[in-house]
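Student: One structure, pasted below without further comment.
The values are calculated or read from the model by the stated rules, or taken from the named source; none is laboratory data. Since we're looking at a predicted model, the values are computed, not measured. In this analysis, Cβ positions are derived from the backbone assuming ideal geometry, glycine residues included, and neighbour counts consider all displayed protein chains.
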Amino acid sequence: MRRYYLHQRKGIFYAELVTPEGRRLTARSTGKTTESEALLIVSQWLSSGIPKKGKEKPVESVIGLSDILKYIRKIDLDENDAMKIVESLKKKDLVDFTITKKGNGAKLFLDFLEEFWDYTSSPYVKERKAYEKNIGKRHCYEMQRRIQTFYAEFFEGRTLESITWKDLKAFSIYISEDRKKPDNYKGNFTEKLSQAYKNKILIAGKTALKWAYQNEIITTDPTARKLSFKGNPEKRRVLTVDEAAIIFNKIQWNDRRSYIGNLLSITTSLRAGEVLALRKSDIDPLKPVLYCQHSYSTMDGLKTPKNGETRKIPLLPEVKTKLLELLADNPHNENPDPFIFYGLLADKPMDQKILINGLKAACRAANIEPVVFHSLRHFYSARLADKMTADQVMRITGHKTRAVFDAYADHVEDKNIEDMREAAAQVFQNIIPFRKVG
């Protein structure tokens, strides 16, 4: 006697179960769109009963294991179907989690991660480029470094398909433990990682696993449940107004390019890579305006700025004069569009270390606690926010912490530029040596 009837309505499989007495029950939706998944639901109903509906009694077990196995052998199953059956068994704790399917899911997890973050051959990188989403060589390199440093020992021998959320959780605990500096280790070493850096380590694996699931390489998403470290990131120290006045007024800098680059950053909020990327064409010849169109790194060369946008930025006239003077001194002016912060070669700007080390040296010379270069950007944002709305400041700095700016962040009106320039003039009137008041 037939135990059930399975049919499809609008893509969903419905089952009519047959009682031992031969009575067909009302069709029930399995909620599944594939026959193999619907079959598993039916088998559960037949073995355990289905919820009562009206006056009907729960269906007793009317199908045995041999019937299920016979049906599975009869229907066409692909690898994904088979893994879905296995996943159902996993949930009942009847099989081991190391079971994997054929193909890419059986690849070693570490090998997959290395290939995933290989800038030249990664399908993930190619996909982002195709959709014009920003990704750089430096980013991929840093991810590979994290894989080699933190993932290699913990996940050795594990396959991609075998990784679960529990594994990621165990790994998060592993990287939270105090670390011991290896013998003969050269360079900086941190015994205890910050919360923010541990999140960056997790992202290296979570991004790859989520992509693998979305592309049907693995059948379950180990990242579906939230896993991240909380905690307030350590705030960068920001110069006070008096300290900034000393550094840019009283201290003799060793490199003119470093001085002007740091002065430009603190008066415009440009990032280090954006400063280095500036070329002659980025200075408006008629207005005190700068166009931030690129960023620069040694691995990527010129690339789009962070967040993939270009920005129009107000320049204090005195700072524009300094940039033009530096441009006039460029030994590579035979180049039709030379870098403002020139280096030894015509096609490359100066080393970023000149910017960073110049600021550190100036702080030491002034007996001021050193700050990182990026803190100049925070100085600009904080001081301008005292005089302007957050919206106005964010349009200039390119911050993306408010989704509302995504639609118009690179469409800054001239009035906003002028308002920001006037506000900046007030903020920096006692910091820039040639703009003193009082």
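Student: Only one of (1) over 22 Å from G273 (Cβ atoms); (2) modelled with pLDDT of 90 or more fails for N357. Which number is that?
Tutor: Here N357 meets the rest and fails (1).
Student: Do you know which residues across segment 157-211 are among the small types (G, A, S) and touching a helix residue (DSSP H, G or I) at 6+ places or on another chain (Cβ under 7 Å)?
Tutor: Across segment 157-211, the qualifying residues are S172, S176, A204, G205, A208.
Student: Would you mind stating whether I313 is outside the structural domain of T120 (by TED's automatic domain parsing), out of contact with any strand residue (DSSP E or B) (no Cβ under 9 Å at 6 or more places or on another chain) and aliphatic (A, V, I, L, M)?
Tutor: no
Student: Would you mention how many residues in segment 325-345 are surrounded by fewer than 13 Cβ atoms within 10 Å (Cβ to Cβ) and out of contact with any helix residue (DSSP H, G or I) (no Cβ under 7 Å at 6 or more places or on another chain)?
Tutor: 8
Student: So which pairs qualify, if the first residue must be in segment 5-33 and within 17 Å of Q44 (Cβ to Cβ), the second must be of a type in the set (A, V, I, L, M, F, W, C) and surrounded by fewer than 11 Cβ atoms within 10 Å (Cβ to Cβ), the Cβ gap must be under 8 Å, and the two must be at least 6 apart or on different chains?
Tutor: From residues that are within 17 Å of Q44 (Cβ to Cβ), the pairs are V18/M1.
Student: If only one of N188, N184 is free of Cβ contacts under 8 Å to residues at least 12 places away in the same chain and on the phi > 0 side of the Ramachandran plot, which one is it?
Tutor: N184
Student: I would also like to ask the following. Tell me which helices (runs of 4 or more DSSP H) are completely within segment 119-196 and hold 3 or more residues being among the aromatic types (F, W, Y), or say none if there are none.
Tutor: Fully inside segment 119-196 and qualifying: 165-174.
Student: Looking only at segment 316-340, how many residues end up being assigned to a loop (DSSP other than H, G, I, E, B) and closer than 18 Å to L376 by Cα?
Tutor: Going through segment 316-340 one residue at a time, the tally reaches 1.
Student: Would you check which residues across segment 269-283 are buried (at least 18 other Cβ atoms within 10 Å of the Cβ) and modelled with pLDDT of 90 or more and list them?
Tutor: Correct list: L270, R271, A272, G273, E274, V275, L276, A277, L278, R279, D282, I283.
Student: Out of (1) of a type in the set (V, I, T); (2) assigned to a helix (DSSP H, G or I); (3) in contact (Cβ under 8 Å) with a residue 24 or more places away in the chain, the odd one out for I313 is which?
Tutor: (2)
Student: Could you list, in sequence order, all residues of segment 1-39 that are out of contact with any helix residue (DSSP H, G or I) (no Cβ under 8 Å at 6 or more places or on another chain), surrounded by 12 or more Cβ atoms within 10 Å (Cβ to Cβ) and part of a loop (DSSP other than H, G, I, E, B)?
Tutor: T19, L25, A27, T33
Student: Restricting to helices (runs of 4 or more DSSP H) lying wholly in segment 225-295: which have 1 or more residues that are in the same structural domain as L327 (by TED's automatic domain parsing) and more than 20 Å from V372 (Cβ to Cβ)?
Tutor: In segment 225-295, 241-249, 256-268 are the helices (runs of 4 or more DSSP H) which contain 1 or more residues that are in the same structural domain as L327 (by TED's automatic domain parsing) and more than 20 Å from V372 (Cβ to Cβ).
Student: Return yes or no: is L359 assigned to a helix (DSSP H, G or I) and either on the phi < 0 side of the Ramachandran plot or of a type in the set (D, E) (or both)?
Tutor: Considered against the rule, which asks whether it is assigned to a helix (DSSP H, G or I) and either on the phi < 0 side of the Ramachandran plot or of a type in the set (D, E) (or both), L359 comes out as yes.
Student: Identify the single condition in (1) more than 25 Å from I218 (Cβ to Cβ); (2) of a type outside the set (D, E); (3) modelled with pLDDT under 75; (4) exposed (fewer than 14 other Cβ atoms within 10 Å of the Cβ) that V59 does not satisfy, given that it satisfies every other one.
Tutor: Just one mismatch for V59, condition (4).
Student: Sticking with this structure for a sec: Could you grab me the full set of residues in segment 330-356 that are touching a residue at least 60 places away in the same chain (Cβ under 8 Å) and more than 25 Å from V371 (Cβ to Cβ)?
Tutor: The answer is F339, Y342.
Student: Taking segment 284-324 as the region of interest, how many residues are surrounded by fewer than 16 Cβ atoms within 10 Å (Cβ to Cβ), within 21 Å of S269 (Cα to Cα) and hydrophobic (A, V, I, L, M, F, W, C)?
Tutor: Matching residues across segment 284-324 total 1.
Student: Does L286 qualify as being more than 15 Å from M420 (Cβ to Cβ) and at pLDDT 95 or above?
Tutor: So L286 does not fit the description; no.
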